[in-house]
1. Enumerate the amide H contacts of MET109 below 5 Å, restricted to partners 5 or more residues apart or on another chain; note that Pro and chain-start residues carry no placed amide H.
2. For Rg and Dmax of the Cα atoms in Å, one of [x] 19.6, 62; [y] 18.7, 52; [z] 19.7, 65 was computed from the structure I shared and the rest are decoys. Which label?
3. If you count the DSSP beta bridges with both ends in the stretch 112-246, what percent of them are antiparallel, to the nearest 5?
4. For a test of understanding, tell me how many lysine pairs in the chain have Cα atoms under 25 Å apart, given they are 8 or more places apart or on different chains.
5. In whole Hz, what ³J(HN,Hα) sequence does the stretch 143-149 give by Karplus (6.51, -1.76, 1.60; θ = phi - 60°), x for Gly and Pro?
6. What is the magnitude of the charge dipole of the chain about its Cα centre, with +1 placed on the Cβ of each Lys and Arg, -1 on the Cβ of each Asp and Glu, and no other charges, expressed in debye to the nearest 20?
7. Place the peptides 274-284, 209-219, 135-145 in order of packing, highest mean first, counting for every residue the other Cβ atoms within 10 Å and averaging per peptide.
8. What is the antiparallel percent of DSSP beta bridges lying wholly in the chain, to the nearest 5?
Amino acid sequence: MKLFTALAAAALLVGGPAVAQQQLSVATGGTGGVYYPMGGGLAEVINNHVEGYSATAEVTGASVENMGLVAKGDADLALGLADTVYQAQTGTGRFEGQQLEMLRGVASMYANMVQIVTLEGSGITSLADLKGKRVSVGAPGSGTEVNANAILAANGISYDDIEEQRLNFNETADALANGDIDAGFWSVGAPTSSILNLATTQSIVMIELSDAEIAASQAAEPLFARTALAGGTYEGVDADVTVLGVPNVLVASSEMPDDLAYAITKAMFENIDDLKAVHPAANQTTVDFTLSATPIPLHPGAIRYYEEIGASIPDRLKP
């Protein structure tokens, strides 16, 4: 955990004397996704509206890595997919035997859409068609890989059935464009820059999941939500596409002082237009979404803000 001082925390609330700014680290993801710009936008909000602190967005391997960074004190805030966050905090799934109980929610930011992309002429029109193909399942330690593995396994496809490659978003787009892979998974807010750029030079196809595939995936992973990628989001994808969605959660450690967590939460929601200007995914960043979608207990400092504005906190979100 980065060092905090009582003097700086007090200055947040009472406008005390100027103190040396303390640096906060916001763990995000790769530059081709949504985490990095969203984390950068949050860092700017902290820089501009949280007295005594400055923040920087850090490029990381995303969800799985980010939970470890917060637990070890190498990041103060981090973004992560709800399923990864839940598994880390409860010591289940990928985190079996290594529970990170100290993780606390600050807010739920937006819902990822699991987007499975191929190119016209690949012969891939369904999830089952991925068998025997070269498939990017996401960067190592990313929420994309967790989601890809869950969806594939729930529908009877193992890594033995595909030639899996673990590439980040930009690498996946480049590999598709170069013919080095046949399809790729993105679990990210839409639109995302790497797919937008790919669609400007290639004719992309978004693979739609069937009702049965969605039901099987939700049975295996209850945090999956059925949603739709709106037609026109990407060039050449004109019709709505049924996909699975997963909330993205802003996480801190229970060791973060309550006053700081409160100040960050308050600054973010009172300046939400600043985040929306960075990325349209922030249109989903609301208190209601936080209280319905966050999968782990909230930080007491965040709860203080939500109660202050009149929100009712569900028992499951109380630490």
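1. Here the answer is ASN248, VAL249, LEU250, since their amide H atoms fall under 5 Å of that of MET109.
2. Given [x] 19.6, 62; [y] 18.7, 52; [z] 19.7, 65, the structure-derived one carries the label [z].
3. DSSP beta bridges in the stretch 112-246 are roughly 75 percent antiparallel.
4. Count of close lysine pairs: 6.
5. Here the 3J(HN,Hα) series is x, 4, 5, 4, 5, 4, 4 Hz.
6. Working: 14 positive and 37 negative charges, 114 e Å.
My answer is approximately 540 debye.
7. Numbers: 274-284: 17.6, 209-219: 15.6, 135-145: 26.3.
The peptides rank, most packed first, as 135-145, 274-284, 209-219.
8. 65 percent
Throughout, read-outs are computed from the coordinates displayed, never taken from laboratory work. Just so we're clear, the structure is a prediction, and the values are computed from it rather than from any experiment. Positions of Cβ are backbone-derived with ideal geometry, glycine not excepted, and every protein chain shown enters the neighbour counts.
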